[in-house]
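Single-structure report; data block below.
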Amino acid sequence: MPIPTSKRVGALAFAAAIAFSACSSGSGSSPAASAAGGAAPTTAGSTAPSQAALSGAIEIDGSSTVYPITVAVSEEFQKVNTGVNVTAKFAGTGGGFKRFCNGETDINDASRPIKKDDAAEGAACAAKGIEYVELQVAIDGLTVVVNPANTFATCLTKDELKKIYGPDSPKDLKWSDVRAGFPAETVKRFMPGADSGTFDYFTEVINGKVDSATQNATQSEDDNILVTGVEGDANAISFFGYAYYVENKDKLKALEVDGGTGCVGPSEATINDGSYKPLSRPLFIYPDVKKAKAKPELKAYVDYYLANTNALSAEVGYVALPDELLKKSTDAWAAAAGG
């Protein structure tokens with residue numbers, strides 16, 4: 001049987017924290033563990049690809065948001081393909097694309113689309129002759145959280161979030177500066193690092209420009225560090241993927257967001273139907289198409305990912321894709337890699 005959600009994500013958080021602190025480059029890594037016993041999950045109406053005697057190594061880097069899904073997939077894949085070693089890392093979407101477009105990895109996890117004209121991303125892939133395909137694997141609701149001791153904030157508007165995280169936000173920002181009636185206590189800000197796709201997405205939709213953000217926040221590519229920061233300070237605030245909130249509900253309080261049509265909180269229903277605006281977003285993997293054609297184990301891995309992403313995405317706290325979006329990804333992969 002699949003590992004229960006809380007145990008699987010909790011184990012990922014622990015492994016990620018250790019790997020992050022041990023890695024001098026600032027990117028975390030964790031070989032996806034091979035668990036004994038149990039059948040691999042499949043989505044309704046799908047079958048897991050059957051591959052005999054596959055062997056080799058697959059390396060994946062990129063988004064810390066997509067990381068829990070990838071590790072869950074990798075754990076289950078290795079149960080039925082014991083000769084394949086899958087290693088997952090979380091340098092952030094941008095950091096991962098730098099490695100991917102330099103030919104160092106087989107797949108990049110991404111919480112935003114590739115920047116096609118960026119020198120370190122799309123342009124670098126083109127220069128290296130690296131062919132890729134964008135495959136959506138889940139839906140996320142970027143979740144704004146505060147400490148449970150914060151009893152005054154329940155919903156923030158886009159403008160109020162910009163006061164907190166915008167490029168002009170002062171170092172000594174107080175909650176009373178965010179909204180009249182809030183206490184005159186200094187806001188303790190945490191946020192993802194600049195290589196994170198979560199950072200890119202948030203700054204674009206809230207601040208109006210990618211990478212435009214306050215310099216007065218504690219940043220980390222490791223979402224578990226952000227969780228710990230908010231847990232430890234009554235005046236703290238942060239944002240990250242919905243799965244990390246789900247796993248830490250007992251330590252955090254999720255805020256509703258008013259994107260212009262009223263306050264809406266993150267949930268599977270509001271993320272899926274798009275009413276959690278503007279912080280619902282797609283999550284992707286980018287496989288190297290040429291490598292997949294040359295490495296049967298990589299082709300089989302991506303086949304397996306798409307066959308099982310809905311079950312495992314939901315298990316680790318994200319929202320499964322509607323059938324039409326999953327079919328779009330499956331068709332795109334078949335057209336790119338064959339079969």
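Overview of results
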| read-out | value |
| --- | --- |
| 1.4 Å probe accessible area per residue over segment 152-257, in Å² | 40 Å² |
| Of all DSSP beta bridges in segment 56-198, antiparallel share, percent nearest 5 | 10 percent |
| Summed residue charge, Cβ within 11 Å of T214's Cβ, Lys/Arg positive, Asp/Glu negative | +3 |
| In Hz, Karplus ³J(HN,Hα) per residue of segment 226-238 (6.51, -1.76, 1.60; θ = phi - 60°; x = Gly, Pro) | 5, 4, 4, x, 5, 4, x, 9, 5, 10, 8, 8, 7 |
| Alpha-carbon centroids, segment 306-331 and segment 155-232: separation in whole Å | 30 Å |
| Listed pairs K98/K299; K188/K249; K163/K327 exceeding 30 Å between Cα atoms | K163/K327 |
| Where the Cα pairs of segment 221-282 fall when distances are cut into 10 Å bins, in % | 21, 49, 28, 2 |
| Calculated on alpha-carbon atoms, Rg and Dmax of segment 113-196 in Å | 18.9, 57 |
| K327 accessible area, 1.4 Å probe, all protein chains in place, Å² to nearest 10 | 120 Å² |
| Accessible area in the full protein assembly, largest first, 1.4 Å probe, for T198, T186 | T186, T198 |
| Computed magnitude of the charge dipole of segment 133-286 (debye, nearest 20; Cβ of K, R +1, Cβ of D, E -1) | 460 debye |
| Lys/Arg +1, Asp/Glu -1 at C-beta; segment 268-339 dipole; positive extreme among S275, S329, T309 | S329 |
| Accessible surface of D195 - all protein chains present, 1.4 Å probe, nearest 10 Å² | 60 Å² |
| Restricting segment 148-187 to trypsin sites (Lys or Arg not before Pro) in coil, as DSSP defines it, with at most 14 other Cβ within 10 Å | K171, R179 |
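The values are calculated or read from the model by the stated rules, or taken from the named source; none is laboratory data. Just so we're clear, the structure is a prediction, and the values are computed from it rather than from any experiment. Positions of Cβ are generated from backbone atoms using ideal geometry, with glycine treated the same way; all protein chains shown enter the neighbour counts. These accessible areas exclude ligands, DNA and RNA; they are computed on the full protein's heavy atoms, side chains included. Shrake-Rupley method; radii C 1.70, N 1.55, O 1.52, S 1.80 Å.
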